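Just so it is clear, none of the values below were taken in a lab; they were calculated from the coordinates. Note that the coordinates shown come from a computational prediction; the quantities given were computed from them, not determined experimentally.
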Amino acid sequence: MKRTLASLVGALLLVVVLVNCKSKSKESVKSVVLYSKPDINCPYTAKAKAFMKAHGIKVEEKDFYKHKVELLQKGAKQGVKADMVPTVELADGSLFVGWDEVGYKEFLRVK
């Protein structure tokens, strides 16, 4: 049940993020800001970093705790609850919250 609920939440977040994505470009994303929690070893953040590296995407990592208020405000403007890691931000301000490989491919326009 937990896994099913997590999958459903992930799918809903993906829909919200993709609907709110401002960029219409078909070109792959070259760089992102990745918000993470440096004091924990999050397996989803590790997967996100590995995904970025495998696709040649430059990552600027920022401390989630230091930017939490700003991130929550950005998320609220997009209708996204940006309260967990990893959170990925594009240059246009679009956010993707959490880890979902299929969602990342769509959001970052990679194959």
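Annotations
- 3J(HN,Hα) along the range 71-78, derived from phi through the Karplus expression 6.51 cos²θ - 1.76 cosθ + 1.60 where θ = phi - 60°, amounts to 5, 4, 5, 4, x, 4, 5, 9 Hz, with x in place of Gly and Pro.
- Computed on the range 71-111, with alpha-carbon pairs under 8 angstrom and 6+ residues apart, the relative contact order is 27 percent.
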